[in-house]
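Worksheet for the structure shown next.
The values are calculated or read from the model by the stated rules, or taken from the named source; none is laboratory data. In this text the structure is predicted, and so the values were computed from the model without any measurement. All Cβ positions, even for glycine, are placed from backbone atoms using ideal geometry, and neighbour counts span all protein chains on display. Protein only, heavy atoms only, side chains kept; ligands, DNA and RNA dropped before computing areas. Shrake-Rupley method; radii C 1.70, N 1.55, O 1.52, S 1.80 Å.
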Amino acid sequence: MYTQALDVPDIAAQQAAPHAHGASPAEANFLARIARDEKIEPQDEMPEDYRKSLIRQISQHAHSEVVGMLPEGNWITRAPSLKRKEILLAKVQDEGGHGLYLYSAAETLGASRDDLVDALHSGKAKYSSIFNYPTDSWADIGTIGWLVDGAAIMNQVPLCRCSYGPYARAMIRVCKEESFHQRQGFDIVRALCEGTAAQKQMAQESVNRWWWPTLMMFGPHDSDSEHTGQASAWGIKRISNDDLRQRFVDVTVPQAAFLGLTLPDALLKWNADRGHYDFGPIDWNEFWRVVKGDGPCNAERLNDRVQAFDDGGWVREAAAAHADKRARRAVSAASVRIAA
Amino acid sequence: MSPQSGSAWPLFEVFIRNKQGLDHKHVGSLHASDPAHAVTLARDVYTRRQEGVSIWVVPSNAITASDPDQKADNFDPMASKIYRHPTFYDIPEEIGHM
């Protein structure tokens, strides 16, 4: 589903900044490659901060895909028709696949999968704040596809051109699949809006709950975002948080109008001078509260994730035992051949 | 080593990256005495016209392939899952690209 521009100020970023100026020849060479729009590949030389920063971003993105399965999984058994159930299953399956593409991309940087998963399960690693909101009604499944995946696409399309080859290529695969996700969500919301008054009301309430958390997905304002400068110098971030958020608002307002839904922002209004929609202030206290672990569902999501991992333990053990058995049989078959 | 044809050497599969930023793609195979030798030979055989900027070689016997007899079982079920494609969903003209 999607990476969040969390841009939490950290020491690595603050230490990284000076390097860009007083660069060693190797770093100067690296920055020149970025400036020429070359892709950096796993075996290429790269600054340690670039490697660390990418591992953090790609693994957060992977965690978001994996945790993102939980709010939607909540509705698989209760989807209103077989068709919707099949579609939702296919979508959740895609999210699992996206997590895999991304963990693999992070592993090309020398990260270990076990360490990454441990960091998620211990609560040390972050994932997108949006998945810490509950999916109370069926309409939420539509809204997640339409708005949340729509915001994700806005953020992910520029990542297809990011400087790190394996990440860029993973994002190309993800974006191809993501279009289905957004369209199936819009289709759900549209069906509700064209249904009974109660169904339309359900859609409206869902949009009311998800609109602001979706805008928060783009991360803090550019002025408050310490990572953005470094990430754009490194060719990881191509478009700033605020610009992406504005684009999302601009394309979404007419879509909501088409559906006959309102967006819960009294200040939302077309600004002819700017050629964009103006919108109201975001509650950053809520954003940071959720990022730091105190959202409506943080504890539940993490518990469910750890539980799912633990419940799958026997499958991993069985697969390893099976592989061992096959290896032993191959060895004894080979020794029989030699003896004969 | 006796002067015989290279077929006594192990077989390697060759993957070439055409252009920076793209995936390596399988282009063919060749015999070589060891992996480094295989890279040299692959360079000579597969990139004579600047087809590549990077080469991977993998011992052919390290590759496990799906069973061709299982092709229908493996891949046909996806044919009915047309809802995985964005074009399955009608998006009204007024909405434009989504």
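Contact map, the stretch B:9-31: residues that are without any contact (Cβ under 8 Å) to a residue 12 or more places away in the chain paired with residues that are β-branched (Val, Ile, Thr) and surrounded by 15 or more Cβ atoms within 10 Å (Cβ to Cβ), Cβ distance under 8 Å, separation 6+ or inter-chain. Pairs shown: B:Lys25/B:Ile16. Looking across the stretch A:55-71, the residues that are in a helix (DSSP H, G or I) and under 18 Å from A:Phe309 (Cβ atoms) come down to A:Ser59, A:Gln60, A:Ala62, A:His63, A:Ser64, A:Glu65, A:Val66, A:Val67, A:Met69, A:Leu70, A:Pro71. What tally of residues in the stretch A:158-170 results from selecting those that are within 12 Å of chain B (Cβ to nearest Cβ) and either outside any loop (DSSP other than H, G, I, E, B) or open to solvent by 10 Å² or more (accessible area, probe 1.4 Å) (or both)? Of the residues in that region, 9 qualify.
Scanning the stretch A:274-292 for residues that are open to solvent by 40 Å² or more (accessible area, probe 1.4 Å) and either touching a residue at least 40 places away in the same chain (Cβ under 8 Å) or over 27 Å from A:Leu244 (Cβ atoms) (or both) gives A:Phe279, A:Asp283, A:Trp284, A:Glu286. For A:Gln182, the stated conditions hold: it is within 14 Å of chain B (Cβ to nearest Cβ) and either in contact (Cβ under 8 Å) with a residue 60 or more places away in the chain or open to solvent by 10 Å² or more (accessible area, probe 1.4 Å) (or both). Give the stretch A:185-197 a look and list any residue that's of a type in the set (D, E, K, R) and facing chain B (nearest Cβ under 9 Å), or say none. A:Asp187, A:Arg190 - these are the residues of the stretch A:185-197 that are of a type in the set (D, E, K, R) and facing chain B (nearest Cβ under 9 Å). Each residue in the stretch A:33-54 was checked for being among the basic types (Lys, Arg) and within 14 Å of chain B (Cβ to nearest Cβ), and 3 pass. Within the stretch B:25-36, the set of residues being of a type outside the set (Gly, Ala, Ser), surrounded by fewer than 17 Cβ atoms within 10 Å (Cβ to Cβ) and either closer than 28 Å to A:Ala170 by Cβ or in contact with a Phe, Trp or Tyr (Cβ under 8 Å, 6 or more places away or on another chain) (or both) comprises B:Lys25, B:His26, B:His31, B:Pro35.
The residues listed here are A:Lys200, A:Lys124; of these, the one that is under 30 Å from A:Asp310 (Cβ atoms), more than 14 Å from chain B (Cβ to nearest Cβ) and open to solvent by 40 Å² or more (accessible area, probe 1.4 Å) is A:Lys124. Checking the stated criteria, B:Asp67 turns out to be open to solvent by 70 Å² or more (accessible area, probe 1.4 Å), within 21 Å of the chain's Cα centre (by Cα), of a type in the set (Asp, Glu) and closer than 27 Å to A:Ala90 by Cβ. Note on the stretch B:41-98: residues that are within 14 Å of chain A (Cβ to nearest Cβ), of a type in the set (Gly, Ala, Ser) and either under 21 Å from B:Gln20 (Cβ atoms) or touching a strand residue (DSSP E or B) at 6+ places or on another chain (Cβ under 7 Å) (or both) total 2.
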